[in-house]
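The values are calculated or read from the model by the stated rules, or taken from the named source; none is laboratory data. The structure presented is a predicted model; accordingly, all values stated were derived computationally and were not measured. Note that we place each Cβ from the backbone using ideal geometry, even for glycine, and neighbour counts take in every protein chain shown. For accessibility, only protein heavy atoms count, side chains too; no ligands or nucleic acids. Shrake-Rupley method; radii C 1.70, N 1.55, O 1.52, S 1.80 Å.
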Amino acid sequence: MTHWFHRNPLKATAPVSFNLYGVASSPAASKICNDLRTTRARLLDMFTDATCTPEIMKKAIDDYFSLLQGFIVSLDGTTQENKLRFIQNFKWTDTLQGNTPSSQQDAVFELVSMGFNIAIWHTKFASRLAGKENITEDEAKDVHKSLKIAAGIFKYLKEIQIPRLITPAEKGRDLELRVIDTYIVQSQAEAQEVTIARAIELKHNAGLIAALAFETANFYQKADHTLNTLDPDYSSKWRKYLQLKQHFYMAYAHCYHGQTLLASDKCGEAIRSLQEAEKCYSRAEVLCKEYRQTKGPGSTAKPSEQLFFRKLGGLIKNTLEKCQRENGFIYFHKVPAEAPVLELKASYGLAEPITFDLPSLSDQCTPEVYATFDLTRGLKDDQAKAKPKQEEEIKPVKEPDLKPQKDTGCVIS
């Protein structure tokens, strides 16, 4: 069950010192600042650690977010904003638009940006695991779960945290609705790819497989349409991926729908469905070449050379030849001029996002300690007095596993 998924780069960020000298007026307050700095750095290290697992990642997330909430949630018993929310500046780049960062002096912006990267990491973890040739059942479950976790994080950020930002998301950047919606739908579609592979492996009913493939193709189409108003300079490559996956799974749907029709003694309609599968598959092949030739963020690979792609081509060819033989010997049905309209609805196997919840507030963040952060004293850090500089580029994240695997010929970023 070898899979290939397109991946955009991780977001990069500038270091944050949390040096609130003068404001943090107690040892406990200073410790919170020091722990924020170290837990943030540790979490960022996890993004590029090829040995990191979801369990290790969750521990790093909880350590940092439990402290960061001390700068976001109200700790003084009122409904007013946390007085520390706007004290620290954060800079983050974009997964699509290069290394020039967006900057906001807002702890919610940090929560959203870091959360976005965590979701991207889960998709990349799933991608690395899914690229293995001899993936085990447990590993397939991990791929499926990681993609649903990613969808859940993106959904949480979109619905709960992004609306809280004082400065609205810039058009076409990660936190804008069109982009984050695409990530949500893509994660769900890729999780369903794992379900389809499992259903085929266990030889489930062809009607169920056709319905799942049809729903998955529609997910990819929805994701592609969501991006159609973005600047093609940075969205074209991503859209080619979504389009080729849409046609690929539409080919799957017609192929297995053809098997269902043949089993119902509708051989002429089965042949026409398989012919439509061939048409969709050929279009997917063209899009694979266009994907390789299109410049833009993300990994470069040869999708049409992947095992999952080649196997479908053979399946369509063999199934169509079988239907044509049966029709010539038994049925003698006329092949319809129009392809069957697929109106398939999957009853099982649809991937729903796994709900994401923030960890509990750290025990260090008490109302008593919060009171010792004294904004009236002002920051002693020289940076607090410095004039804002023009945004400088931040170096991209150096990611692991950029070389193709020998057994798949696939490049995973």
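Structure values in brief
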read-out: Lys, Arg +1 and Asp, Glu -1 on Cβ, resulting dipole of the range 162-253 about Cα centre, debye, nearest 20; value: 80 debye
read-out: Partners for Lys203 among aspartates and glutamates (Cα-Cα distance below 17 Å; same-chain residues under 8 apart left out); value: Glu137, Glu193
read-out: Along each principal axis, Cα extent of the chain, largest first, Å; value: 91, 37, 37
read-out: Relative contact order of the chain, defined on C-alpha pairs under 8 angstrom at six or more residues apart (%); value: 27 percent
read-out: Surface accessible to a 1.4 Å probe, per residue, for the residues of the range 198-288, Å²; value: 38 Å²
read-out: Radius of gyration, Dmax [the range 184-242; alpha carbons; angstrom]; value: 13.6, 43
read-out: Kirkwood hydrodynamic radius of the range 168-282, from inverse mean 1/r over distinct Cα pairs, in Å; value: 15.1 Å
read-out: Square roots of five times the Cα gyration tensor eigenvalues for the range 68-138, Å; value: 35, 18, 6
read-out: Cα centroid separation - the range 175-253 against the range 64-121, whole Å; value: 30 Å
read-out: Stokes-Einstein D in µm²/s, Kirkwood radius over Cα pairs - the range 73-219 at 20 °C with 1.002 mPa s viscosity; value: 124 µm²/s
read-out: Share of alpha-carbon pairs per 10 Å distance bin for the range 49-104, given as whole %; value: 19, 29, 39, 13, 1
read-out: At R0 = 22 Å, FRET efficiency that the Cβ-Cβ distance of Lys295 and Thr51 yields, to 0.05; value: 0.10
read-out: Accessible area expressed per residue, the range 1-85, with surrounding protein chains retained (probe 1.4 Å, Å²); value: 40 Å²
read-out: Max mean-square fluctuation residue, GNM over the chain, Cα-Cα springs under 10 Å, options Glu193, Glu110, Glu368; value: Glu368
read-out: Reach of Lys31 by Cα under 26 Å, taken over lysines that are not fewer than 8 positions away in the same chain; value: Lys58, Lys59, Lys83, Lys91, Lys380, Lys385
read-out: Stretchable slack from Asp62 to Lys345, in nm (0.36 nm times residue separation minus alpha-carbon distance); value: 98.0 nm
read-out: Within-14-Å neighbourhood charge of Ala339 [Cβ basis; K, R +1; D, E -1]; value: -1
read-out: Proportion of all alpha-carbon pairs of the range 216-274 beyond 19 Å (%); value: 44 percent
read-out: Rounded percent of accessible protein surface that carbon and sulfur make up, the range 137-180, 1.4 Å probe; value: 53 percent
read-out: Estimated Rh, the range 240-375: Kirkwood, alpha-carbon pairs, angstrom; value: 18.5 Å
